[in-house]
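Trainee: The structure is given below, and queries will be raised subsequently.
Readers should treat all values here as calculations from the given coordinates under stated rules, not as data from a laboratory. Bear in mind that the values here come from a model prediction, so they are computed numbers and not experimental data. Positions of Cβ are generated from backbone atoms using ideal geometry, with glycine treated the same way; all protein chains shown enter the neighbour counts.
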Ligand code: SF4
């Protein structure tokens, strides 16, 4: 098993994520750092909220969803029917991150429910899990017109919420589905073909890159490579 843990790559990833966090704070009107942090200043979770584990900046999923609200922070809100936040286990070992909602997802407000979603369900079952045992979400929460790839500014605006979701969920493994998710989380411009087959790291959590199910529907010859990637995920979840 190869580890891509070289310092320049890790540093670039951290800087990339820091840029987004600062951008997110700026959008909320926070122009500078407080001079002192108060321990335990995270909001107290309401009854029934899913995760709030103590780090002052780590919100619960419910709090993140509330913060998104009827989001109009980027132009993608204009064509959406539903904002697709994500769904699944509140304490998953594995989180899948895709690109953004498509036609069916926008219609139903749920991630990965179309043809690509059916394939993702099979991928999940292939490693002995059910859909409700994992968490599934996307980089952008609103459907891009005609299912185009999200623009850089749309990713920059929306991805802080994805980062908050991952920080709240603290899975044992993240599986990035396709280039958008992989490049967003790893802060790289590299292609999926160069990123897959390795164990990366997102804030200390192992991250595996594989092909997006929609890509696999168009390129079924790549399914064997995806199977290898899923075996890697399985090996991390079930070390021998
Ligand atoms: S894509 Fe994200 S940032 Fe843009 S409007 Fe939807 S929820 Fe808001």
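Trainee: Do we have any residue at all in the range 109-120 that's closer than 15 Å to residue 233 by Cα and over 11 Å from the mean Cα position of the chain (by Cα)?
Mentor: yes
Trainee: Quickly run through the range 219-233 and pick out the residues that are part of a helix (DSSP H, G or I) and either out of contact with any helix residue (DSSP H, G or I) (no Cβ under 8 Å at 6 or more places or on another chain) or more than 24 Å from residue 101 (Cα to Cα) (or both).
Mentor: 220, 221, 224, 225, 228, 229, 231, 232, 233
Trainee: For the range 195-218, name all the residues that are over 19 Å from residue 163 (Cβ atoms) and surrounded by 13 or more Cβ atoms within 10 Å (Cβ to Cβ). Spell out how you get there, then give the answer.
Mentor: Start the filter on the range 195-218 by keeping residues that are over 19 Å from residue 163 (Cβ atoms), which leaves 196-199, 210-218.
Of everything in the range 195-218, those that are over 19 Å from residue 163 (Cβ atoms) and surrounded by 13 or more Cβ atoms within 10 Å (Cβ to Cβ) turn out to be 196, 197, 198, 199, 210, 211, 212, 213, 214, 215, 216, 217.
Trainee: Does the range 117-135 contain any residue that is within 16 Å of the ligand (Cβ to nearest atom) and either in a helix (DSSP H, G or I) or within 26 Å of residue 224 (Cβ to Cβ) (or both)?
Mentor: Start the filter on the range 117-135 by keeping residues that are within 16 Å of the ligand (Cβ to nearest atom), which leaves none.
Checked the range 117-135: no residue is within 16 Å of the ligand (Cβ to nearest atom) and either in a helix (DSSP H, G or I) or within 26 Å of residue 224 (Cβ to Cβ) (or both).
Trainee: How many residues, within the range 137-154, are surrounded by 18 or more Cβ atoms within 10 Å (Cβ to Cβ) and either away from the ligand (no atom under 16 Å from the Cβ) or over 16 Å from the mean Cα position of the chain (by Cα) (or both)?
Mentor: The total comes to 1.
Trainee: Collect the residues in the range 67-101 that are within 16 Å of the ligand (Cβ to nearest atom), part of a loop (DSSP other than H, G, I, E, B) and under 16 Å from the mean Cα position of the chain (by Cα), keeping them in residue-number order. Explain how you work it out, then say what you get.
Mentor: Filtering the range 67-101 down to residues within 16 Å of the ligand (Cβ to nearest atom) leaves 67-87, 97-101.
Restricting the remaining residues to those that are part of a loop (DSSP other than H, G, I, E, B) gives 69-74, 80-86, 99-101.
83, 84, 85, 86, 99, 100, 101 - these are the residues of the range 67-101 that are within 16 Å of the ligand (Cβ to nearest atom), part of a loop (DSSP other than H, G, I, E, B) and under 16 Å from the mean Cα position of the chain (by Cα).
Trainee: Go through (1) touching a residue at least 24 places away in the same chain (Cβ under 8 Å); (2) surrounded by 18 or more Cβ atoms within 10 Å (Cβ to Cβ); (3) in contact with a helix residue (DSSP H, G or I) (Cβ under 9 Å, 6 or more places away or on another chain) for residue 183 and report which single condition fails.
Mentor: Exception for residue 183: condition (1).
Trainee: Sticking with this one: Which condition does residue 101 not pass, out of (1) in contact with a helix residue (DSSP H, G or I) (Cβ under 7 Å, 6 or more places away or on another chain); (2) within 28 Å of residue 192 (Cα to Cα); (3) in contact (Cβ under 8 Å) with a residue 12 or more places away in the chain, if it passes all the others?
Mentor: (1)
Trainee: Can you name the residue in the range 176-218 that is in a helix (DSSP H, G or I) and more than 27 Å from residue 118 (Cβ to Cβ) and is also farthest from the chain's Cα centre (by Cα) among such residues?
Mentor: Looking at the filtered set, the residue picked out is 194.
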